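Below is one structure, written out as structure tokens; comments come after it.
Throughout, read-outs are computed from the coordinates displayed, never taken from laboratory work. No experiment lies behind these values; they were computed from the predicted model shown. Heads up, the Cβs are rebuilt from the backbone with ideal geometry, glycines too, and the neighbour counts pull from every protein chain shown.
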Amino acid sequence: MRQLLLCDATQPAKVSKICQRTGLGVEIQAFSNPDYPVRNPDGVADHMSKYRSILPRALHGPFGDLSPGSCDRLIRQVTKERFEFAYDYAQRLGAKQIVLHHGYVPGTNTYRGWLRRSREFWADFLEEKDPQIVFCVENLLESDPELIGEVVRAVNHPNLKICLDIGHAFCHSKIPIEGWIEELGELIGYVHLHDNHGDQDDHLSLGKGLIPLDQVCYTLERCAPQATWALEVGPESLEDSLFWLETHGYLSGGGV
């Protein structure tokens, strides 16, 4: 069975129980807010008390207003500091995958400028990092998979992969999600699974929106067979989504 994680939506008390019952891993999301450990100085200890027996673990890093390919060096500097923050807390929490946003907003940077600056940013950032930790850059507003794929190919580092968020691709791109998967292939190391109706990023239970999930999951298995899947729905929707995966043949050896 592929690795399947449950995103905890900063609700470890609820999601840790589902992880324990199903034997699945977790994506820890509280530390996507850099203020979380300031307001919660016992946050790491609290998470570890709930997730100590739960493996594998991933961590979603900060993403608000961050831009690794920005034409402003101060913005790139702040972005690097926030990504280092994510790396620090991933190490503390024993997370082996870190999700960080690509940060590209269409129309705000030239393609070649963004590619050049991103390549330099990631090459510098990845120096001397733990080789057991994989960084996965996530699409958000991109209208096609070309630039994010070119960035990861240009960096050409075994610890830099793509996190394909299928809900974001469905909302913001006219290219079918299967086209994204076929274009990016094994560059995809991580997948956020959820559903929506194409107008906004609702994070609905699987099967509750319009995403052609069966075709998407089949194409993922064919083109990115090593990718980790993470259910990025609210805790109240996790069991329904696990049931969808199970009844469609994408979940075995675990579940509700």
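Listing for the model above:
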| quantity | calculated |
| --- | --- |
| DSSP loop GluC sites (Glu not before Pro) with at most 13 other Cβ within 10 Å: longest gap in the chain | 129-256 |
| Lys, Arg +1 and Asp, Glu -1 on Cβ, resulting dipole of the chain about Cα centre, debye, nearest 20 | 620 |
| Nonlocal amide H pairs with Ala95, under 5 Å, H built at 1.01 Å | none |
| Local electrostatic count, Phe243, Cβ distance below 15 Å [Lys/Arg +1, Asp/Glu -1] | -4 |
| DSSP-loop trypsin sites (Lys or Arg not before Pro) across the stretch 38-79, with at most 16 other Cβ within 10 angstrom | Arg52 |
| Exposure proxy ranking, count of Cβ atoms within 10 Å, fewest first, for Leu115, Leu6 | Leu115, Leu6 |
| Cys7, Cys171 arranged by Cβ crowding within 10 Å, fewest neighbours leading | Cys171, Cys7 |
| Square roots of 5 times each gyration tensor eigenvalue, C-alpha, the stretch 126-256, largest first, Å | 24, 18, 13 |
| Amide hydrogen neighbours beyond the local backbone of Tyr190, cut-off 5 Å, H modeled | Ile162, Leu164, Thr228 |
| ³J(HN,Hα) computed for each position of the stretch 199-216 - Karplus, 6.51 cos²θ - 1.76 cosθ + 1.60, integer Hz, glycine/proline x | 9, 7, 7, 7, 6, 6, 4, 4, x, 9, x, 10, 5, x, 5, 5, 5, 5 |
| Phi to ³J(HN,Hα) by Karplus 6.51 cos²θ - 1.76 cosθ + 1.60 over the stretch 144-151, Hz, x for Gly, Pro | 7, x, 5, 5, 4, x, 5, 4 |
| Counting DSSP beta bridges with both ends in the chain, the antiparallel % (nearest 5) | 5 |
| Cα shape, the stretch 10-114, gyration tensor, a/c 1.5 rule | prolate |
| Set Lys96/Lys208; Lys17/Lys80; Lys14/Lys161; Lys80/Lys129; Lys174/Lys208 screened for pairs whose C-alpha atoms are more than 24 Å apart | Lys96/Lys208; Lys17/Lys80; Lys14/Lys161 |
| Fewest-first sequence of Lys129, Lys14 by Cβ atoms within 10 Å of each Cβ | Lys14, Lys129 |
| Leading residue at positive end of dipole, the stretch 87-128 (Cβ point charges), from Leu93, Asn109, Trp122 | Asn109 |
| Gyration tensor over alpha-carbon atoms, the chain, equivalent ellipsoid semi-axes in Å | 27, 23, 16 |
